[in-house]
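Following: one structure in structure tokens, then a few remarks.
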Amino acid sequence: MNHSQPMLPAAEIQADHAPLLHPDILRPAADIFSRRADRLRQLAEGHAMADFLRLCAAVCHQQQALHDASRLDPHSAMLRLSQSLGLQLPAPVQSALTAVLALETVALSRLAENLLNGDYPADGPLFAALPLLGAALQAQATRSIRQRPLPAPQSQGARCPCCGGLPLASLLQRGDSGHAQRYVVCSMCSHAWPVGRVRCLSCGNSRDLLYYSLAAQDRAPAEPDHQQPHQARGAREVEACGECHGALKQISQLLDAGAEAGADDLASLALDLLAGEAGFARIGFNPLFLPGRAPG
Ligand SMILES: [Zn+2]
Ligand SMILES: [Zn+2]
């Protein structure tokens, strides 16, 4: 399974829809993984996937410990996750984790490198432990990019300008001028780069877009309103592109101040299903939710 999306040619990235005053790249809070864990526990209340969300919360709690610790290689980080999460993990994850920990250093590094790019074995003996490897890489990348100066936020690109990571989801926030500002949160370093508000991240299309939300799932999906692009539709919605048929989750802190991109994405996988049934493929890459290959 390959999540990488076609990249825009450089000339197209440059001036296309660049705002006059470009906002800065957002740094994640120092306790981002603790906050994500709290948000996941809150969203788990009464949720159809409560057990999954609580397990993700436990992983995020350990990600915070990894983030706060000194730099660890993937094997040491996985060993730590294995020791701290232990029996909380379902049996198939425990046995896949044992298989990952038994890999040679070179093989584990290759697995990690591919996973960063959304390329992973979507079945087989290692698969069930890959979200933990993704979680370890995410904690390390967040720690390491937080310690570096920020690059100029010049791109409208589909890859993170800080670390080259894949997009996790887009995030709407109130900008300095009071207007809504849209960012894309990186799946690896958790920094967020500013992008145009009504525009497919994958192909740049800004016209043929549809917005799905669970609140309005019995109605036809909304079309873009370029004047009021963030009229109340839902704090969690999917921007679906009629050109490339990609769909990116959009989390709005304007409509829900407590929303957190990583957590709210996991709690709204039903939306991806809805968009998927309409023929749109998920663009966002969330290490804690790696789709598998259907058997057969
Ligand atoms: Zn990044
Ligand atoms: Zn597109």
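The values are calculated or read from the model by the stated rules, or taken from the named source; none is laboratory data. Keep in mind it's a predicted model, so treat the numbers as computed, not measured. Here Cβ is always computed from backbone atoms with ideal geometry, including for glycine, and neighbour counts include all displayed protein chains.
Residues LEU103, LEU111: which one is surrounded by 14 or more Cβ atoms within 10 Å (Cβ to Cβ) and either among the basic types (Lys, Arg) or outside any helix (DSSP H, G or I) (or both)?
So the residue among LEU103, LEU111 that is surrounded by 14 or more Cβ atoms within 10 Å (Cβ to Cβ) and either among the basic types (Lys, Arg) or outside any helix (DSSP H, G or I) (or both) is LEU103.
In contact with a Lys or Arg (Cβ under 8 Å, 6 or more places away or on another chain), small (Gly, Ala, Ser) and within 14 Å of ligand 2 (Cβ to nearest atom): does that describe SER206?
When the stated conditions are applied, SER206 passes them.
Taking into account only those residues within segment 168-199 that are in a loop (DSSP other than H, G, I, E, B) and in contact with a strand residue (DSSP E or B) (Cβ under 6 Å, 6 or more places away or on another chain), which is nearest to ligand 2 (Cβ to nearest atom)?
Among residues in segment 168-199 that are in a loop (DSSP other than H, G, I, E, B) and in contact with a strand residue (DSSP E or B) (Cβ under 6 Å, 6 or more places away or on another chain), the one nearest to ligand 2 (Cβ to nearest atom) is ARG197.
Determine which single condition HIS179 fails, assuming it passes every other condition in (1) without any contact (Cβ under 8 Å) to a residue 12 or more places away in the chain; (2) more than 24 Å from LEU255 (Cα to Cα).
(2)
Would you be able to say whether some residue in segment 152-162 is surrounded by 15 or more Cβ atoms within 10 Å (Cβ to Cβ), outside any loop (DSSP other than H, G, I, E, B) and either within 16 Å of ligand 2 (Cβ to nearest atom) or among the aliphatic types (A, V, I, L, M) (or both)?
no
Could you grab the pairs with beta carbons closer than 9 Å, sequence gap of 6+ or different chains, first residue in segment 241-255 and at pLDDT 95 or above, second one near ligand 2 (Cβ under 9 Å from one of its atoms) and of a type in the set (Phe, Trp, Tyr)?
none
Give me the residue from segment 135-151 that is without any contact (Cβ under 8 Å) to a residue 60 or more places away in the chain and part of a loop (DSSP other than H, G, I, E, B) and, out of that set, surrounded by the most Cβ atoms within 10 Å (Cβ to Cβ).
Applying the first criterion (without any contact (Cβ under 8 Å) to a residue 60 or more places away in the chain) to segment 135-151 yields 141, 145, 147-149.
Keeping just the survivors that are part of a loop (DSSP other than H, G, I, E, B) gives 147-149.
Numbers: GLN147: 7, ARG148: 11, PRO149: 5.
Top of the filtered list is ARG148.
Of all residues in segment 141-169, which are in contact with a helix residue (DSSP H, G or I) (Cβ under 9 Å, 6 or more places away or on another chain) and away from ligand 1 (no atom under 14 Å from the Cβ)?
The answer is GLN154, GLN156.
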